[in-house]
Amino acid sequence: MKLGQIPGFCLFAILTVIGVVVSCSGPEAPATPVFPTETVAASGRQPSPTATASPTPRPPIPTATSSPTATATPLPSPTPEPTPTPTVTATPELPPNELGQVMVLEYHHIAEKGGKWGRTPEEFRRDMEWLLAEGYYPINLRDFAAGRIEVPLGKSPVILTFDDSYQEQFNYLEGGEIDPRSAVGILLEMHRRHPQDWPLRATFFVLLNEGGKAPVPFGQPEYADRKLAQLIEWGMEVGSHTLTHPNFKEISPEEIRRQLAVSENLIEQKVPGYEVSSLSPPYGAYPEDLAILKAGEYEGLSYDFEAIVKVGGSPSPSPFSKQFDPYRINRIQGFQEELDRWFGYFQSHPELRFVSDGDPTVVTVPD
Ligand SMILES: [Zn+2]
């Protein structure tokens, strides 16, 4: 599925693999950006000329909150500091660059306690507001991996992924309403306030409660199936995080196949007509033989995955870059240091961002 063979000069070619036309207007296109290895401080670099228009400063993210209770908070929840209202006009005007890098964010806990490994609801909301104000636009992982980048002109795709299907990612309150402080509640509110600029797109890697060894997806048995169906109905993606969160380096090939085949088929059974195509291996642990993750069979149940994510580290190359591997997609961990580092990195280096040309059938690279 990769469009990996884009040479370092301009061409017009119809790439029949996924029916995409590559175009650029100048005689030379730059080589695919290479990840710098240094840590980039947001304040230490000169922004490029194209970025001077209006990169929005990232509001500070508090490290502690007073933890108001979930049920007491009306929509929209108050934030401790005034947050500028992002609008389309706040988007930095960047030229299309569809060989630029993409942030695939990896969230776990969205919980009141926050801490190093989690985000409080306020922090998570602020991450989303910052992304919106900076011209990011969420898409699902499966579309990203397949090069289906349906993102408006001038905006950058961002992929929001959630592992472990914790209840606070998608929670129903006692009254039967969606908890506005759960991740899904916050994403729904973002979409309600910015329907054009913030579609309901995110990828949830769920654990299935097979044999009672793992939590029910999103914690509430009475809502479990409904939640999976709703996510998909809204346009979001559900992928597999296996049945019981084993380490693929420590279990037999047969058990790996069971974990993959049964988890994929359970999701597809719960949501008829849906096809699971993305996988997050627990702990980011890959077995020696990658082929076993891509496709296989267990007791008559078959499975196949077209996108497999790693555990954090760096932005992903463009799916049109020859560096892109859909079976080893880089992610950025959703906690403070990493978010500061990479949000700051792209603010300082907007020229390295994937910026859409608005046409999913054409791959545009800068002159
Ligand atoms: Zn996990």
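The values are calculated or read from the model by the stated rules, or taken from the named source; none is laboratory data. Remember, it's a predicted structure, so these values are computed and weren't measured experimentally. As a convention, Cβ positions derive from the backbone with ideal geometry for all residues, glycine included, and neighbour counts pool all protein chains shown.
Contact map, the range 108-134: residues that are on the phi > 0 side of the Ramachandran plot paired with residues that are in a loop (DSSP other than H, G, I, E, B) and crowded, with 22+ Cβ neighbours inside 10 Å, Cβ distance under 6 Å, separation 6+ or inter-chain. Pairs shown: G114/T120. Scanning the range 195-214 for residues that are within 16 Å of the chain's Cα centre (by Cα), within 15 Å of the ligand (Cβ to nearest atom) and either more than 10 Å from S165 (Cα to Cα) or modelled with pLDDT under 95 (or both) yields a single hit, T203. Among the conditions (1) out of contact with any helix residue (DSSP H, G or I) (no Cβ under 7 Å at 6 or more places or on another chain); (2) away from the ligand (no atom under 16 Å from the Cβ), the only one that D163 does not satisfy is (2). You will find that of Y283, Y298, Y345, Y274, the residue that is among the aromatic types (F, W, Y) and on the phi > 0 side of the Ramachandran plot is Y283 and no other. Exactly one residue out of R126, R148 is assigned to a helix (DSSP H, G or I) and of a type outside the set (V, I, T): that is R126. Checking G296, G284 one by one, the residue that is out of contact with any Ser or Thr (no Cβ under 8 Å at 6 or more places or on another chain), without any contact (Cβ under 8 Å) to a residue 60 or more places away in the chain and surrounded by 17 or more Cβ atoms within 10 Å (Cβ to Cβ) is G284 and no other. Residues in the range 352-367 that are charged (D, E, K, R) and out of contact with any strand residue (DSSP E or B) (no Cβ under 7 Å at 6 or more places or on another chain) were compared, and the one that is farthest from G154 (Cα to Cα) is D367. If you go through the range 166-184 and keep only what is in contact (Cβ under 8 Å) with a residue 12 or more places away in the chain, away from the ligand (no atom under 16 Å from the Cβ) and in a loop (DSSP other than H, G, I, E, B), you end up with N171, L173, E174, D179, P180, R181, S182.
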